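See below for the structure under consideration.
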Number of protein chains: 2
Amino acid sequence: MIAEIISVGTEIILGSTLNTNAHYITKKLSYMGIDVYFHTTVIDDPKLLEDAINIGMKRSDLLIFTGGLGPTYDDMTKEVVAKTLGIKLILNNSIEENIKKYFEKTNRPMTSNNIKQAYMPEGSIILKNEIGTAPGIYIEYNSKIFILLPGPPKEMELMLNKYALPLIKQDNIIKVKTINTIGIGESALEDMLKDLIGNTQNPSIATYAKDGRVDIKIIVKGTNEEKANKLLENTIEKIDSKISKYIYSYEDESIEQTLYKKLLDKNMTIAFCESCTGGLIVSRFTRIPGVSQVLDRGIVTYSNKAKIEELGVKKETLNKYGAVSEQVAIEMAMGLLNKTEVDIALSTTGIAGPSGGNEKKPVGLVYIGIATDNNAYAIKSIFNGDRTTIQNRTTMKAFDELRKII
Amino acid sequence: MIAEIISVGTEIILGSTLNTNAHYITKKLSYMGIDVYFHTTVIDDPKLLEDAINIGMKRSDLLIFTGGLGPTYDDMTKEVVAKTLGIKLILNNSIEENIKKYFEKTNRPMTSNNIKQAYMPEGSIILKNEIGTAPGIYIEYNSKIFILLPGPPKEMELMLNKYALPLIKQDNIIKVKTINTIGIGESALEDMLKDLIGNTQNPSIATYAKDGRVDIKIIVKGTNEEKANKLLENTIEKIDSKISKYIYSYEDESIEQTLYKKLLDKNMTIAFCESCTGGLIVSRFTRIPGVSQVLDRGIVTYSNKAKIEELGVKKETLNKYGAVSEQVAIEMAMGLLNKTEVDIALSTTGIAGPSGGNEKKPVGLVYIGIATDNNAYAIKSIFNGDRTTIQNRTTMKAFDELRKII
């Protein structure tokens, strides 16, 4: 089965939006053993879109569209696909209801153009949009499959995985496993795995660098469940034997999720005080539902005044060693541990830049302090990159150090 | 002139490489008044590429190719373009020399396949590659323009700007302006602007929803600088007259940047205490370099205990009204204002979900508290979406409320 991704939207061509959707969908399809040969992006123009659809129908079996399902004037994907295939659009009352409810709930007036989203191609399967107003659409026509998805990545991804992909029949059993690693670069990791990677199509093993970690994606195909599982287990064992120390999860989860589970498991609580990361650690951590069971509080002590008032850091220590120092990192963590009843307190202090660095303390210098009832220490790192990168790397390092000691 | 970007390479479709080239080239062309209607990406397959070229020639006047100019076997763009146009490839001695020199300079042995890069389509203009081995190519054929650029972004960008674009004659001056709005949905905004949008190609006005805000992008064309500027000013005035209350910046910047500038300008300081946003507000704010001049601290009081200890929220208030209430939001903000010396303190308390909601207090219910020396109040909102979306929307709303009162 040959697939083509057709992205619709002037903003993808002209605008500031990178086309991450085509990329994401292609990856998902490849895990199912479906070959994507073409990405097409076309502006919001009915005639040009119609041409693109006709071209796609000639060369591909599966056409996945993203974008242009919304209520606005230039959202036209559904209309043009229906017209090109000669299928009528019919008002779907339950969708109409949902849209009305959505606006009631958010206390916003529903403009008339929103009703447009309730018209569906005759005989199509409707793909539920759980976090937006525009539903997706699945159409089979002349033994070709057309899948229309909304443009916003969150809506598109949820709909694709939960509702669209399950509708596509596949002949092989495919198993996908993602192993999460941290503390090693992608090329170094690839090098350690080189005799596993690339020399075979099944299993296919690939590495993906992603927000400061590197994921190893394993895709195996098998004629039946058992064979696929066996091959997958073997592959995981081989990988394990080579790089186990860098693996923090086999669950395809973020490092903070791993940390959260460990804390919950050990019934421990934690608190953070941050200077250079400015709340990135605690905000990343609080993305996890239910985190309140293990998180007591976070304090962003950006000013020295705040470090003294909130954490009891000594003026002398600040004057003698400077805010960015091992001593201050430790005093911050201990101060937080003492004022709370948590089991672990973590602190960060560093120079995120772009300015503020010097010979002795360069931009990228970061101390991470960790305090528990029977121990307090700081870890020194020097990170490369711009302000955001340094803040992100510090955050990853902090979570990594924590999950190691819990 | 209608342009199409054709990206060649299996790695762009399958790999982890995002297609940033097409994006970059499009932006450059749009500023020259050249309309890009299509992005096509095709894997390294001569037949499929040839088809893509024929399709491109039918619908576009300018075809810009990236990738597939290198020495390896699957680099085939130049060969396939030449074949499709029926143009001979001829060895170019000076290029052959340059390639040899390049390898001498880098002390690497030159493999024979590198000579492949010295063959050029007859009658084409060669585009110098100052930082790589593969030169670019400019061909005019049947009053269509073909430009072949290398895949590596650094090489491509330098060649495009320095050698390729100057060869394209342009008849218009182009001005681009982005206006940032917040507090209104994209469809509602478009509705308010509908008699400006779409009924004309020049100016072209489009809206783009982006991280909880909506940007309005204006592109005007003029036969000279003055005319273009005049049209741009007129367009901005018209937009202003309709939706000024939603506009927070004309500088194409984030809402937190606007807030930061206003605080700096008024020489004011701020502090945040967050419950449901879990530090997202302060971490977003501290992404801005130099923010320490206006930010005193941030406190993430996730537990009630922390709300009481850090902010002096009264037990009775928590018991009587619950943590998610107008009263607690106000006590949080006032508590923070009193313990610091800031001019403004902002608090958030809400139910980010997925669990924890009920009839009276549904998931998405959020109170934002604001306290200054002479005022303290809370704003109630009910946001839709998943946990992250609710946290993001609360954060945007918080920044929006602040920039309004400063």
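Label zone (A:ASP45, point 7 Å along Cα-to-C-beta; backbone nitrogen cut-off 13 Å) within the range B:12-50: B:34-39.
Residues whose amide H falls under 5 Å from that of A:TYR119, counting only those 5 or more places apart or on a different chain, are A:ASN92, with hydrogens built in the peptide plane. Once the Cα-Cα distance is subtracted from the 0.36 nm per residue extended length, the A:LYS361 to A:MET192 segment shows a gain of 57.5 nm.
Would you mind checking the range A:174-207 for residues with the amide N under 17 Å from a putative spin-label position 7 Å along Cα→C-beta of B:THR10? Taking a point 7 Å out along Cα→Cβ of B:THR10, the residues of the range A:174-207 whose backbone N falls under 17 Å are A:197-207. In summary, the aspartates and glutamates within cross-link reach of A:LYS105, defined as a Cα separation below 19 angstrom excluding same-chain residues under 8 places away, comprise A:GLU96, A:GLU97, A:GLU130, A:GLU155, B:GLU186, B:GLU359, B:ASP386.
In the context of the full set of protein chains, the protein assembly as shown has a per residue accessible area of 42 Å² (1.4 Å probe).
Between B:ASP373 and A:SER292, what is the FRET efficiency for a Förster distance of 22 Å, r being their Cβ-Cβ separation, to the nearest 0.05?
Working: r = 32 Å, r/R0 = 1.46.
Here the calculated transfer efficiency is 0.10.
Here the range B:371-406 is scanned for amide nitrogen atoms under 20 Å from the site 7 Å beyond the Cα of B:LYS266 along Cα-to-Cβ, giving B:371-380, B:395-406. Once B binds A, the 1.4 Å probe can no longer reach about 5800 Å² of accessible area, counting both sides. Within chain B, what is the longest stretch that has no chymotrypsin sites (Phe, Trp or Tyr not before Pro) placed in a DSSP loop and near at most 16 other beta-carbon atoms within 10 Å? Longest run free of exposed loop sites: B:74-249. Annotation for A:GLU225 and A:ASN54: the two label points, set 7 Å from Cα along the Cα-Cβ direction, are 4.7 nm apart. The share of accessible area on chain B that comes from carbon and sulfur is 51 percent, using a 1.4 angstrom probe.
Of the trypsin sites (Lys or Arg not before Pro) in the range A:73-114, which ones lie in a loop per DSSP and count no more than 14 other C-beta atoms within 10 Å?
Details: sites: A:LYS78, A:LYS83, A:LYS88, A:LYS100, A:LYS101, A:LYS105; in loops: A:LYS88.
Sparse-neighbourhood loop trypsin sites (Lys or Arg not before Pro): A:LYS88.
Taking amide H positions as modeled 1.01 Å from N, with prolines and chain starts lacking one, the residues under 5 Å from A:TYR302 and 5 or more places away or on another chain are B:GLY298.
Among the listed pairs B:LYS217/B:LYS238; A:LYS245/A:LYS404; A:LYS404/B:LYS307; B:LYS194/B:LYS217; B:LYS28/B:LYS154; A:LYS28/A:LYS88, those whose Cα-Cα separation exceeds 20 Å are A:LYS404/B:LYS307; A:LYS28/A:LYS88. Placing dummy labels 7 Å off each Cα toward the beta-carbon, the span from A:TYR119 to A:GLU233 is 5.5 nm. Around the amide H of B:TYR37, modelled in the peptide plane, lie the amide H atoms of B:ALA3, all under 5 Å away and 5 or more residues distant in sequence or on another chain.
Let's test the formula: R0 of 45 Å, r as the Cβ-Cβ distance of B:GLU140 and A:GLU326. What FRET efficiency results, to the nearest 0.05? Don't jump to the answer; show the numbers that get you there.
Numbers: r = 65 Å, r/R0 = 1.45.
About 0.10, to the nearest 0.05.
Computed 3J(HN,Hα) for the range B:173-183, one whole-Hz value per residue from the Karplus formula 6.51 cos²θ - 1.76 cosθ + 1.60 where θ = phi - 60°, is 8, 10, 10, 10, 9, 10, 10, 9, 10, 8, x, glycine and proline marked x. For the range A:299-339, the relative contact order is 39 percent, taking Cα pairs closer than 8 Å that sit 6 or more residues apart in sequence and dividing their mean separation by the residue count. Sequentially through the range B:377-386, phi angles give Karplus couplings (6.51, -1.76, 1.60; θ = phi - 60°) of 7, 10, 10, 9, 9, 10, 9, 9, x, 7 Hz, Gly and Pro residues having no value and appearing as x.
The mean number of Cβ atoms from other chains found within 10 Å of a Cβ in peptide A:5-13 is 4, as a whole number.
If you take all other residues with their beta carbon under 12 Å from the beta carbon of A:SER30, and give Lys and Arg +1 and Asp and Glu -1, the sum is +3.
May I ask you to derive the FRET efficiency for B:GLU309 and A:GLU316 from their Cβ-Cβ distance with R0 = 30 Å, giving the value to the nearest 0.05?
Efficiency for this residue pair is about 0.70.
The 3J(HN,Hα) values that the Karplus relation (6.51, -1.76, 1.60; θ = phi - 60°) gives for the range B:287-301 are, in residue order, 5, 7, x, x, 5, 4, 5, 10, 9, 8, 6, x, 10, 9, 9 Hz. Gly and Pro appear as x. In the range A:340-387, burial by the other protein chains removes 10 Å² or more of accessible area from A:GLU341, A:PRO354, A:ARG387, compared with the chain on its own (1.4 Å probe, ligands and nucleic acids ignored). Centre-to-centre separation between the Cα atoms of the range A:95-109 and those of the range A:142-210: 35 Å. The sum of -39500 (n - 2.57) across all DSSP H runs of n ≥ 4, divided by the residue count of chain B, sets its helix-only mean residue ellipticity at 222 nm to -11500 deg cm²/dmol.
The values are calculated or read from the model by the stated rules, or taken from the named source; none is laboratory data. In this text the structure is predicted, and so the values were computed from the model without any measurement. Don't worry about glycine lacking a Cβ; one is built from the backbone with ideal geometry, like all the others, and counts go over all protein chains shown. Heads up: the accessible areas ignore ligands, DNA and RNA and are worked out on the full protein's heavy atoms, side chains in. Shrake-Rupley method; radii C 1.70, N 1.55, O 1.52, S 1.80 Å.
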